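So the structure is just underneath, and the comments pick up after that.
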Amino acid sequence: MERDDRHGSRNGNCDPCQRSCKKARLPDPPQPISDPELRSEFSHHQRGVARINNGSFGSCPGSVLAAHRDWLLRFLQQPDDFYCNSLREGILRSRTLIKDLINADDVDEVSLVDNVTTAAAIVLQQVGRGFAESRFAPGDAVLMLHCVFQAVKKSIQAYVASAGGSIVEVELPFPVSSDEEVIAAFRRGLERGKKNGRRVRLAIIDHITSMPSVLIPVKELVKICREEGVDQVFVDAAHAIGSVEVDVKEIGADFYVSNLHKWFFCPPSVAFLYCRKSSGLVSSMHHPVVTHEYGNGLPTESAWIGTRDYSSQLVVPAVFEFVKRFEGGIQGIIKRNHEQVVKMGQMLAESWGTNLGSPPEMCASMIMVGLPSRLCIFSGEDAQRLRSHLRVNHGIEVPIHYQPPADGVDGPRDKDGSITGYARISHQVYNTGEDYFKFRDAINELVATNFTCKRLLIE
């Protein structure tokens, strides 16, 4: 006679129906990060420095640095096993998380590379081959914004201009008042690019320009490129991921790159490069460092460029865990950073009697703030000397931008003259109001003591 087993089936296995009826205890939701925990995460930052320049090099919390160290030790402890059994799987996991974050269709559209400079080389070398192989006519154009990052500009010269392509720069207005000003300037640049029957083979569009920093209406510019017959569109979004929400399908570019070490808390250096499969260009994309993986697809080529430390590419899951500790996750961080940088920028402009370089809706987590004209910032060298002076003498790290007056155009003025210097301030989760008050007071002190940048030449 078979035993009536109320806890399992006749063969002794657990009854799945009964098991599914049991209520599983859900894990407690994570507690939001506390102020002491947040300070601890960034306790490795140099004390006494008002670090309001996250935009240049980013920041990495202690918990992610610990994960970075763990990955490096795993490699050093048993390199062969790590290479054969851990590296590819770990990088694939990171790529998959990024693919979902940016709303890409396929993980094979996402490669991890060192930085935007590397990604630009990947995109531009295939454009250069188009000229070298006579698929593009001599003089066909690559279009870029005048304020494109200098390394990208040099890559255009190296890969495209040397192969017979021409370069068209779009001069953007600054200070800027509206998206429409940017769009109008871009249309004028496209007209010049297509002059005399030329084709625009590639347009490079910044999502957020570096210096001066402005949030560009990238979706609208990509749409214009499609309407005007531009072959390829590459969005340089070095400052975007973690600073604005990114949906690559909605943006519609062929290539999109963003650093993960600037606003997404990864250690340096790592970036993702998205290559839209439907563009038909993926097979022609190759990493500039050639290894035995050449020809196996850009994601695979990028995942092995020789013996090196790949830990920065492997800690992406740890970053996702870190941002979960904040209310609203990464979207909440983006919103609060934007609100705070606007608030601090307005406070500084009001204190100094100056202006913001763009309206709040045209900035993300960085904003340009006019500096008092009495500082006499009359060149890029003056701007660099003032930046060094603030670092060394006041413990403030902030980039300074020189904006020459436009010909025949009256720019912004304060009570003493034309404003030709701007500070680019950033806000990240570790910043406090005291960082910006320290900057405010330092500038007010310099003005009160009749300091000018000319004095730094003497010193």
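The values are calculated or read from the model by the stated rules, or taken from the named source; none is laboratory data. Because the structure is a prediction, the values reported are computed rather than measured. Counting neighbours? That spans all protein chains shown, and the Cβs are built from the backbone with ideal geometry, glycine included. Surface accessibility is based on the protein's heavy atoms, side chains included, excluding ligands, DNA and RNA. Shrake-Rupley method; radii C 1.70, N 1.55, O 1.52, S 1.80 Å.
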### Mean projection area, nm², convex hull over Cα of the stretch 180-275
6.4 nm²
### Query
Which of the helices in the chain, when you take each full DSSP H run, stretch at least 18 Å along the axis at their Cα atoms and have an average Kyte-Doolittle score of -1.0 or higher?
62-77, 88-102, 116-132, 179-193, 329-352, 433-448
### Query
For the stretch 327-433, what is the largest minus smallest coordinate of the Cα atoms on each principal axis, given in angstrom and ordered from greatest to least?
46, 33, 21
### Protein accessible area in the stretch 301-345, 1.4 Å probe - carbon and sulfur %
55 percent
### Task
Compute the whole-percent fraction of alpha carbon pairs in the stretch 284-339 spaced more than 19 Å apart.
52 percent
### Summary
Ordering ARG39, ARG198 by the accessible surface of their heavy atoms, 1.4 Å probe, largest first, yields ARG39, ARG198
### Message
Could you compute the net charge surrounding PHE75? Neighbours are other residues with a C-beta less than 12 Å from the C-beta of PHE75; K and R count +1, D and E count -1.
### Response
-1
### Message
Just the number please: accessible area per residue for the chain, 1.4 Å probe, all protein chains included, in Å².
### Response
47 Å²
### Message
Considering only protein heavy atoms and a probe of 1.4 Å, how much of the accessible area of the stretch 351-415 is carbon and sulfur, as a whole percent?
### Response
51 percent
#### Entry: Dmax and Rg, reported as Rg then Dmax, of the stretch 215-361 (C-alpha, Å)
18.6, 60
### Query
222 nm [θ] for the chain, helices only, -39500 (n - 2.57) per DSSP H run of 4+, per residue, to 500?
-12000 deg cm²/dmol
### Task
Grab every C-alpha pair in the stretch 158-231, bin the distances at 10 angstrom width from 0 up to the longest one, and report whole percents.
17, 51, 28, 4
### Query
Given the stretch 36-167, what whole percent of its Cα pairs are spread farther than 28 Å?
46 percent
### Query
Where the only charges are on Cβ atoms (+1 Lys, Arg; -1 Asp, Glu), what is the dipole of the chain about its Cα centre, to the nearest 20 debye?
220 debye
### Task
Pop out the carbon and sulfur fraction of the accessible area of the stretch 110-156 as a percent, whole number, probe 1.4 Å.
55 percent
### Task
Averaging over all projection directions, find the projected area of the Cα convex hull of the chain and quote it in nm² with one decimal place.
29.6 nm²
